[in-house]
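Trainee: Have a look at this one.
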Amino acid sequence: MPKENSIRFNKVNIYLVFDVHGEHNDDSVNIEVSCGEDIEMYLNFYRDRNWSELFESEGYGGYDVDYAVFKGITVSCTDEHGNRFFAGNDFGRYGSATLNIKHLEEDNAKKLDEIRKILG
């Protein structure tokens with residue numbers, strides 16, 4: 001597989017993107033998720049039309065939302081120089097990213113060794 005642009009990211013954020021429609025408002029809402037369980041939970045709220053739970057952190061009550069449309073997932077990354085990168089299918093185009101698992105394992109192994117030394 002050809003290697004194109006390889007960037008080391010310091011911070012990665014993942015968002016579920018919804019268009020929220022109510023009697024007096026139409027907004028795009030990004031809900032930050034941290035793991036697969038979060039994604040599953042929020043999409044279950046969406047499937048069940050449980051708007052008050054789904055948009056609780058965004059300040060929407062269940063009565064303020066008539067319906068919502070799931071637009072996709074956005075990944076926001078920041079590299080060591082502070083540059084931001086976005087990928088996702090909610091921009092009207094598709095992006096892709098891959099993770100170098102071997103590098104992550106090596107980084108985590110170093111961190112675990114440092115923690116073991118501290119805990120001694």
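Trainee: What are the residues whose amide H is under 5 Å from the amide H of GLY88, where those residues sit 5 or more places off or on another chain and H is modelled from the backbone?
Mentor: Residues meeting the amide H criterion: VAL75, GLY95.
Trainee: Amide H to amide H under 5 Å from GLY72: which residues, 5+ apart in sequence or cross-chain, H placed 1.01 Å off N in plane?
Mentor: For GLY72, whose amide H was placed from the backbone, the distant partners under 5 Å are VAL17.
Trainee: Between ASP19 and GLU53, with labels modelled 7 Å along Cα→Cβ, what's the label distance in nm to one decimal, could you check?
Mentor: 2.6 nm
Values quoted throughout were computed directly from the atomic coordinates according to the rules given, and no laboratory measurement underlies them. Computed from a predicted structure; not experimentally measured. So basically every Cβ, Gly included, is an ideal-geometry build from the backbone, and we count neighbours across all protein chains shown.
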